Amino acid sequence: MPHQWDITLQDLPDRGCSWDVVLPCDVMRDRHVDHVEAIDDLRADVPWRGSVCRRGDCYHLTGHWQARIRRRCCRCLEPFDWKVEGDVRRDFQLEDTQEGAADDVLMPPGQLSLVDLLREEIWLTWQGDVACSEQCAGLCSGCGCNLNNESCRCCKADDDHPFAALRQLKLKD
Ligand SMILES: [Zn+2]
Ligand SMILES: [Zn+2]
């Protein structure tokens, strides 16, 4: 399926090429578009700009993107919009043989999809545990209440519990 987000490296003009696009959320989430695993929980269109130029046998690509993805906070377990961005620096080469080919070696004519490339970069930047904010207080380990918006009674009640000091220690490590 030919589409507007493909670049053919072999046809690259001498001055290279650049793009400044906003990839629609629907396209990035659509598993029928291109090959890299779709970003299911993407919440907004993705600004994505970059350029690629040729130096000898090497196609040098740089760029920048910003995304907003629905995630669950690792502390309070509430869903939130994870804002993430990244700089891209990749070198591609064209080679007829797949033998010993590195990841960024493409078969001529070197078809590059800006959708797949962006998805790859998002997955590479993915972090397993993300918090809704630096200040997120998380859940009480005693009663399980959300300490961001509920005041917990179990913690206050046992401040003079013999093990209260011990819990303080534990929290610090
Ligand atoms: Zn949180
Ligand atoms: Zn509690």
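The values are calculated or read from the model by the stated rules, or taken from the named source; none is laboratory data. Quick caveat: nothing in here was measured; it's all calculated off a predicted structure. Cβ coordinates were reconstructed from backbone atoms using ideal geometry, including for glycine residues, and neighbour counts include every protein chain displayed.
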- Long-range neighbours under 7 Å by Cβ, at least six apart or interchain, first residue farther than 17 Å from residue 91 by Cβ within the stretch 112-126, second aliphatic (A, V, I, L, M) and in a helix (DSSP H, G or I): 115/27; 115/28; 119/28
- Would a scan of the stretch 132-151 turn up a residue that is in contact with a Ser or Thr (Cβ under 7 Å, 6 or more places away or on another chain), away from ligand 2 (no atom under 13 Å from the Cβ) and touching a residue at least 24 places away in the same chain (Cβ under 8 Å)? no
- Message: Given the criterion outside any strand (DSSP E or B) and touching a residue at least 40 places away in the same chain (Cβ under 8 Å), identify the matching residue among 27, 52.
- Response: 27
- Message: Please verify whether residue 69 is within 20 Å of residue 31 (Cα to Cα), in contact (Cβ under 8 Å) with a residue 60 or more places away in the chain, of a type in the set (A, V, I, L, M) and surrounded by 18 or more Cβ atoms within 10 Å (Cβ to Cβ), treating the condition exactly as stated.
- Response: no
- Of all residues in the stretch 1-38, count the ones that are among the small types (Gly, Ala, Ser) and either modelled with pLDDT under 95 or surrounded by 14 or more Cβ atoms within 10 Å (Cβ to Cβ) (or both). 2
- Query: From the list 115, 105, 88, which one is under 21 Å from residue 15 (Cα atoms) and aliphatic (A, V, I, L, M)?
  - Reply: 88
- Criterion: out of contact with any strand residue (DSSP E or B) (no Cβ under 7 Å at 6 or more places or on another chain) and either in the same structural domain as residue 57 (by TED's automatic domain parsing) or modelled with pLDDT of 80 or more (or both) - qualifying residue of 157, 164, 131: 131
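Every residue, every condition in (1) outside any strand (DSSP E or B); (2) in contact with an Asp or Glu (Cβ under 8 Å, 6 or more places away or on another chain); (3) modelled with pLDDT of 95 or more, yes or no:
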position	(1), (2), (3)
40	yes, no, yes
62	no, yes, yes
69	no, yes, yes
74	yes, yes, yes
87	no, no, yes
91	no, yes, no
97	yes, no, no
109	yes, yes, no
120	yes, no, yes
- Message: Whether any residue in the stretch 63-83 is in contact with a His (Cβ under 8 Å, 6 or more places away or on another chain) and more than 16 Å from ligand 1 (Cβ to nearest atom) is what I want to check.
- Response: no
